[in-house]
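See below for the structure under consideration.
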Amino acid sequence: MCEQENITQQSEPESSAQGESIGAVVYFSSVSENTLRFVQNCDFPSNNVNVYRIPLRPKEPELNVREPYVLIVPTYGGGNIAKAIPMQVRKFLNNRENRSFIRGVISSGNTNFGEAYCAAGDQIAGKCGIPNMYSFELTGTAEDIEKVAQGIPRFLKQLKETEETK
Ligand SMILES: Cc1cc2nc3c(=O)[nH]c(=O)nc-3n(C[C@H](O)[C@H](O)[C@H](O)COP(=O)(O)O)c2cc1C
């Protein structure tokens with residue numbers, strides 16, 4: 001009998017790095033698209049970073065990422081810290097292969113939620129054993145965009161150099 005290998009194909013980025021890729025940003029954004037706008041404003045592909053979007057609806061094809069990435073995630077617990085991670089992001093991270101490439105997390109939220117502000121970042125950092133790198137409100141300020149647009153490529157570049165010399 002022939003054994004079938006379980007090969008999962010890597011998904012195509014939503015926007016591809018302009019030069020050779022140094023790593024990726026994976027993000028989730030609901031219909032309000034605040035995080036989408038933040039990610040677009042950061043223009044990661046011009047700094048050689050691939051961008052992938054976690055599907056919003058169950059009918060869309062699953063996302064499979066097979067390169068090191070930083071996750072950008074809005075908080076969706078309605079003030080309940082234990083429910084802070086959007087279910088689509090939970091599903092993506094429940095895939096062991098996807099989870100094995102996460103290197104950091106950046107979270108967003110709304111300060112109206114008090115103690116649960118940006119709680120998804122802490123939850124994911126704790127569960128995956130990776131740094132909680134930054135947080136911002138809604139679509140982020142010009143300063144947030146500048147810091148993240150520069151910080152992620154710098155972080156991924158360092159990581160690539162370290163992982164290549166291992
Ligand atoms: C139903 C709902 C629950 C939310 N819960 C939280 C929360 O617990 N903590 C927080 O900081 N922000 C919370 N937010 C704010 C969102 O994280 C914020 O609006 C974010 O920018 C949404 O990103 P998106 O438009 O890309 O989906 C919540 C928003 C909604 C609509």
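Among the residues examined, F101 qualifies as within 17 Å of G23 (Cα to Cα), surrounded by fewer than 20 Cβ atoms within 10 Å (Cβ to Cβ) and either among the basic types (K, R) or at pLDDT 95 or above (or both).
Looking at segment 49-62, can you tell me whether even one residue there is more than 18 Å from Q150 (Cβ to Cβ), assigned to a strand (DSSP E or B) and hydroxyl-bearing (S, T, Y)? Can you show your working first?
Residues of segment 49-62 that are more than 18 Å from Q150 (Cβ to Cβ), as a first pass: 52-62.
Next, only the ones that are assigned to a strand (DSSP E or B) stay: 52-53.
In the following step, the residues that additionally are hydroxyl-bearing (S, T, Y) were identified as 52.
Yes: one or more hits.
Could you run through segment 29-48 and say how many residues are assigned to a loop (DSSP other than H, G, I, E, B) and either of a type in the set (V, I, T) or more than 20 Å from P86 (Cα to Cα) (or both)? Number of matching residues: 3. The requirement of being within 16 Å of the ligand (Cβ to nearest atom), assigned to a strand (DSSP E or B) and either touching a Phe, Trp or Tyr at 6+ places or on another chain (Cβ under 6 Å) or not β-branched (V, I, T) (or both) is fulfilled somewhere in segment 73-90, by at least one residue.
Taking the listed residues V65, V26, the one that is hydrophobic (A, V, I, L, M, F, W, C), surrounded by 15 or more Cβ atoms within 10 Å (Cβ to Cβ) and part of a loop (DSSP other than H, G, I, E, B) is V65, with no other qualifying.
Within segment 110-128, can one find any residue that is modelled with pLDDT of 95 or more, loosely packed, with under 15 Cβ neighbours inside 10 Å and away from the ligand (no atom under 14 Å from the Cβ)? Within segment 110-128, one or more residues are modelled with pLDDT of 95 or more, loosely packed, with under 15 Cβ neighbours inside 10 Å and away from the ligand (no atom under 14 Å from the Cβ). The number of residues in segment 93-108 being farther than 19 Å from G151 by Cβ and either within 16 Å of the ligand (Cβ to nearest atom) or assigned to a helix (DSSP H, G or I) (or both) comes to 7.
Check A17, A82 and return the single one that is closer than 23 Å to S100 by Cα and surrounded by 13 or more Cβ atoms within 10 Å (Cβ to Cβ).
Details: A82 fails: surrounded by 13 or more Cβ atoms within 10 Å (Cβ to Cβ).
Going through A17, A82 in turn, just one is closer than 23 Å to S100 by Cα and surrounded by 13 or more Cβ atoms within 10 Å (Cβ to Cβ): A17.
Pairing residues of segment 29-40 that are closer than 19 Å to A142 by Cβ and touching a residue at least 60 places away in the same chain (Cβ under 8 Å) with residues that are within 6 Å of the ligand (Cβ to nearest atom) and outside any loop (DSSP other than H, G, I, E, B), at Cβ distances under 8 Å and at least 6 apart in sequence or on separate chains, gives N34/P74; N34/S108; T35/P74; T35/S108; F38/S108.
The values are calculated or read from the model by the stated rules, or taken from the named source; none is laboratory data. Because the structure is predicted, anything quoted here is derived from the model rather than measured. Because the Cβ atoms are built from the backbone with ideal geometry, glycine has one as well, and the counts that use them run over all protein chains shown.
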